[in-house]
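The values are calculated or read from the model by the stated rules, or taken from the named source; none is laboratory data. Keep in mind that this is a model prediction, so the values were computed, not measured. Positions of Cβ are generated from backbone atoms using ideal geometry, with glycine treated the same way; all protein chains shown enter the neighbour counts. Remember, those area values only see protein heavy atoms, side chains included, never the ligands or the DNA or RNA. Shrake-Rupley method; radii C 1.70, N 1.55, O 1.52, S 1.80 Å.
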Amino acid sequence: MDTRFLQGNEAVALAALQAGIQFYAGYPITPATEIMELLAEEPARNPRFAYLHFEDEIASINAIVGASLAGAKAMTATSGPGFSLMQEGIGLAHMTRAPIVIVDVQRVGPSTGMPTLPSQGDVMQARYGSHGDFYPIAFSPNSVEEAYAQTIISFNAAEESLSPVVLLMDGYIGHLYEAIDLDAVNIPPVPRSRPPFGQGRRHFTGLLSRDDVPDTKDSAYYREWYAGYKKEIQIVADKYALFETVPNDKSNTIIISYGITSRIVRELGDAYAYFRPIRIWPSLDREIIEACQGHKKVVVIEMNDGQYGGEIERILKRESVSIPVIGGDLSLSQIVATMREKKVYKA
Amino acid sequence: MYQEELKEYLRFSRWPTMWCPGCGLGIMQRVIAEAMKESNLDHTNTTIISGIGCTGRTAGYFNFDSIHGLHGRAVCLAEGVKAVRPDLNVVVVSGDGDIFGIGGNHLLHSSRRNANLKVIVNVNDIYGLTGGQMSPCTPKGVKTVTSPQGSPYDPFNAQGLITSNAHYFYARSSVWHQPHLKKCIKEMMSWHGFALLEVRDYCIENNGRRLGFKNPHEMLMQIKETYKIKSDLQPGQQLAQNELGIMTR
Ligand SMILES: Cc1ncc(C[n+]2csc(CCOP(=O)(O)OP(=O)(O)O)c2C)c(N)n1
Ligand SMILES: [Mg+2]
């Protein structure tokens, strides 16, 4: 037993160390800063860990891509404004197949928005934020223990899929304190998969390339490359098809929610079935279809204006009811009021 | 001949390069490779990082582990590589638009942090790859496709930026002054700390012809006539605009 009373952000930092992080690059931002502050203390203890406080998030993401290609496990953490700045770099990581972890502790946007209040407004940005087609893996924890576990899983999935993995935290979980037993989370770290730099003659480029040589005019080759890349990521994603489901044959309504919202939502009681995707991208289409079978109404409750709800409708090919919890006010009474308004509340 | 001598350094299987005939980038690349060879830098101890642009293709033409990253982000990406592989010589080769324009903030801070990177900037006064738009180094008054009335601005002063730091290695050379260029590269490679080298170059197809130059030779001759090597620099003295040299502190 190694029970600790930890904040979500602290759990992420500790888990990164457990997962074998060798490089952290970042720029401070509320509500993610504690992750950086904790890791800033690490180089003094561990000379094999490098840490850099950069001039911005663009530098941070590019630095971890460089470090990753050079053979180190690397991570950065940020929130909405910084996550926006990182998008081009995330695309570079997809193209060069750089395993990295990006933690986004979401806050209310757009723009500087409401910096200290939580949100889930970056769900679609995590999926589609960079330009072009790409196929990211992302996880959404709903507790401090899950933040710890899924940080390690994110490192492992990044390594196995050779792609950037996003841990979609939110300001609530990031700052929530809970007691967790670190020993109970037994996820062995996956070793680095790529040989280190400086011995070979490999070329990594953001251009489409074939055997290290840019090949940028062959559409058929692009399609072949993209299919292979997507398949490789899907295989790894399938290993981590994480979700939680509470079936309820007697209810005509299933509630889908994720992250911290799912914990408030469970207070609605036994009148509903519940489904919570943990691996939020790629979406768990089969599992969601199965869970929703037999339920007339599908209600999606999330801290944004219906972002994942749109995905659910795409997956189910039918209408859902969206309960947006926006502006950082995550309260059961607010949720109940909107559910009443939309006639999906069961007293 | 030079292909045989430099085959460990340059990836000749990719020749011809994507650079236009007569481009100075080929000269710069060969001199870098020669200087590396003479400094015992090779694929076992060195990596090349580039951004985007004509110059940005340099990384891929080196026969080393190399990265061709994003436009403007070569320096910060390289700093990440260096952070986890301090044993490697990390060399950045990129264009004036890439390093001084879009990447200017990273240059400012990496040099201030004295990150142990060797940054070689090709200064062709233009955005070459995208077709000849005004770069931070386009001289005042020079017409480009995005400054049809002539650039209204003074060009970027890299020397001023770099030498504002407590410790620095700043050098300026050109693709005409090849022995000097090689000397600058060799000296920067043995410098411990952040080192920046500006290599004065030209762009015939996307700049020179519009300015009335008929061929690359005419542009090379202009570089030859404009720049003078300054070898007796006193501490604290700055290079004049038409001088080439090395300044360290
Ligand atoms: C974010 C971004 N903006 C714009 C571009 C388009 N672009 C490609 S190269 C380049 C300029 C390159 O100029 P320079 O760095 O001087 O290199 P040169 O081609 O002259 O060697 C631009 C604007 C890009 N690739 N990425
Ligand atoms: Mg240029």
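For the reader, a short list of remarks on this structure follows.
- Here A:R263, A:R314 are screened, and the one residue that is more than 14 Å from chain B (Cβ to nearest Cβ) and in contact (Cβ under 8 Å) with a residue 12 or more places away in the chain is A:R263.
- A search for C-beta distances below 8 Å between a residue of region A:53-66 that is more than 7 Å from chain B (Cβ to nearest Cβ) and any residue that is aromatic (F, W, Y) and open to solvent by less than 10 Å² (accessible area, probe 1.4 Å), counting only pairs 6+ apart in sequence or on different chains, returns A:E57/A:F83; A:S60/A:F54.
Okay, residues lined up against (1) under 26 Å from A:E145 (Cα atoms); (2) touching a Leu at 6+ places or on another chain (Cβ under 6 Å); (3) of a type in the set (G, A, S):
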position	(1), (2), (3)
A:L268	yes, no, no
A:A273	yes, no, yes
A:I278	yes, yes, no
A:E311	no, no, no
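- Scanning region B:92-114 for residues that are open to solvent by less than 10 Å² (accessible area, probe 1.4 Å), within 13 Å of chain A (Cβ to nearest Cβ) and either more than 16 Å from ligand 1 (Cβ to nearest atom) or in contact with a Cys (Cβ under 7 Å, 6 or more places away or on another chain) (or both) yields a total of 3.
- Subset of region B:22-41 that is in contact (Cβ under 8 Å) with a residue 60 or more places away in the chain and open to solvent by 30 Å² or more (accessible area, probe 1.4 Å) - its residue that is nearest to B:S174 (Cα to Cα): B:I27
- Flag if B:Q133 is away from chain A (no Cβ under 14 Å), of a type in the set (S, T, N, Q) and near ligand 1 (Cβ under 10 Å from one of its atoms): yes
- Residues being assigned to a helix (DSSP H, G or I), within 16 Å of ligand 1 (Cβ to nearest atom) and under 14 Å from B:D125 (Cα atoms) are represented in region B:184-204 by at least one member.
- For region B:47-62, a residue qualifies if it is within 16 Å of ligand 2 (Cβ to nearest atom), outside any strand (DSSP E or B) and open to solvent by less than 10 Å² (accessible area, probe 1.4 Å), and the qualifying residues are B:G51, B:T55, B:G56, B:T58, B:A59.
- Selection count where residues are touching a Phe, Trp or Tyr at 6+ places or on another chain (Cβ under 7 Å) and more than 19 Å from B:C23 (Cβ to Cβ), scope region B:43-65: 5
- If you check A:P110, A:P118, A:P136 for being under 27 Å from B:I52 (Cα atoms) and in the same structural domain as A:R223 (by TED's automatic domain parsing), only one passes: A:P136.
- Residues satisfying the stated conditions in region B:63-86, i.e. within 7 Å of chain A (Cβ to nearest Cβ), outside any strand (DSSP E or B) and away from ligand 1 (no atom under 12 Å from the Cβ): B:N63, B:F64, B:D65, B:C76, B:L77, B:A78, B:E79, B:G80, B:V81, B:A83, B:V84, B:R85
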